[in-house]
Amino acid sequence: MLPGLEADEMPADAIEVGRIADAWGVKGWFKVLSHSATSEALFSSKQWFLLPTERGLKTFEGTARLAIKEAKEHSDTVVATAHGVLDRTAAEALRGARIFVSRSSFPAAKTDEYYWVDLIGLDVINREDEPMGTVKELLSTGPQTVLVLEYQQDGKATERMIPFVSQYVDDVDLKAKRIRVDWQSDY
C-alpha cells in the first residue's frame, strides 16, 4: 500500500465526489477535480476513500482510506494534503484515484438547498398528481439546474427536462421521495 493509504472497506453510504488530478508542489499536496460546483463535502470530511484509476497505471489495489490533514480552495481548483503523503512522489502516486466520502459526513444542506445525490431517484408529480417521471440525473446549465426525468411512453423509456427553479418546483419531500412541480406532461 502507498504511503498515507490504509486498506479499508467502502462505507455503505459512500458518494463519489471527485478525482485526484495530480501532485501540487513538492511537499505532498495534490490537486483535486471536484464533481460539485461547491466542494463542501471534500472540506467537511477528514476521511476520504479512494479507488484506483480505471485507466492507466494502477498504483494501489482495492479500497483505501486516506486521512486528510487539510483541503482548501486554490484558484479554480481544490488542493489537499494527507497524513503520510509527504512529498511530490507520494502525491503523484495518487494521480487518477477516485475520491469517495461518506454521505453522513456531508454538511447539512441549507433550507431549500439539496444535494443532487439526494434528488436522483425521486418521483416527480405535477399539481394534478400526474406522474411526470423519476429523476435520472441533474444538469447544470450555468444559470440554473435542470432535472432530467425518465418515464415510460408507449412502452419506451423517454426523457423529460424540467428546470429546477422555484417557478416550477413547488415542493421537495425527501422523506416521501417525491418532488411536486408546476408542469404538464405535454410541455
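Brief remarks follow.
- Of all the options Ala12, Ala64, Ala108, the one that moves most in a Gaussian network model of the chain with Cα springs shorter than 10 angstrom is Ala12.
- In plain terms, the residue of Val165, Val172, Val124 with the fewest other Cβ atoms within 10 Å comes first and the most crowded comes last, giving Val165, Val172, Val124.
- Efficiency of FRET from Cβ geometry, Asp186 and Leu139, R₀ 22 Å, rounded to 0.05: 0.50
- Residue ranges 178-185, 97-104, 68-75 sort as 97-104, 178-185, 68-75 when ordered by packing (mean number of other C-beta atoms within 10 Å per residue, highest first).
- Computed [θ] at 222 nm, helices only, for the chain once each DSSP H run of length n ≥ 4 contributes -39500 (n - 2.57): -1500 deg cm²/dmol
- Under 5 Å between amide hydrogens, built in the peptide plane, is the criterion, and for Trp24 it picks out Trp29, Phe30, Lys31 among residues at least 5 positions away or on other chains.
- On the beta carbon distance between Lys27 and Ala7, with R0 = 30 Å, the FRET formula returns roughly 0.75.
- Cα pair distances exceeding 31 angstrom across the chain, given as percent: 32 percent
- Residue with peak Gaussian network fluctuation, the chain [Cα springs, cutoff 10 Å], from Thr38, Thr134, Thr158: Thr158
- Segment Glu159-Thr38, length gained on full extension (0.36 nm per residue, minus Cα span): 40.8 nm
Readers should treat all values here as calculations from the given coordinates under stated rules, not as data from a laboratory. Keep in mind it's a predicted model, so treat the numbers as computed, not measured. All Cβ positions, glycine included, derive from the backbone under ideal geometry; neighbour counts span all protein chains shown.
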